[in-house]
């Protein structure tokens, strides 16, 4: 299952991308983790972490979100909440 976010000038969707990136970065920093360390803990590429935090990935899979959440010790809801 993928969470698909469209770039059709829908500000709600654009904010969703920003929120995931902001939440991810905030939670990562709260845990004092580098992007590299988080990528290893989550078993995803370093580049993916960078792209998620910057909004470069617009449709992260639920699997990726689950891996990130598990590595950070939070729920997927925490990653996508506003």
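The values are calculated or read from the model by the stated rules, or taken from the named source; none is laboratory data. No experiment lies behind these values; they were computed from the predicted model shown. FYI the Cβ positions are ideal-geometry reconstructions off the backbone, even for glycines, and counts take in every protein chain you see.
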| said: If a residue must be assigned to a loop (DSSP other than H, G, I, E, B) and modelled with pLDDT of 95 or more, how many such residues does the range 32-74 contain? | reply: 8
| message | Out of the residues in the range 22-31 meeting the condition of being in contact with a helix residue (DSSP H, G or I) (Cβ under 9 Å, 6 or more places away or on another chain) and part of a helix (DSSP H, G or I), tell me which one is surrounded by the most Cβ atoms within 10 Å (Cβ to Cβ). | response | 24
| remark: Flagged pairs (Cβ under 7 angstrom, 6 or more apart or on separate chains; first in the range 51-65, in contact (Cβ under 8 Å) with a residue 40 or more places away in the chain and at negative phi; second surrounded by fewer than 19 Cβ atoms within 10 Å (Cβ to Cβ) and outside any loop (DSSP other than H, G, I, E, B)) are 59/2; 61/2; 62/2; 65/76
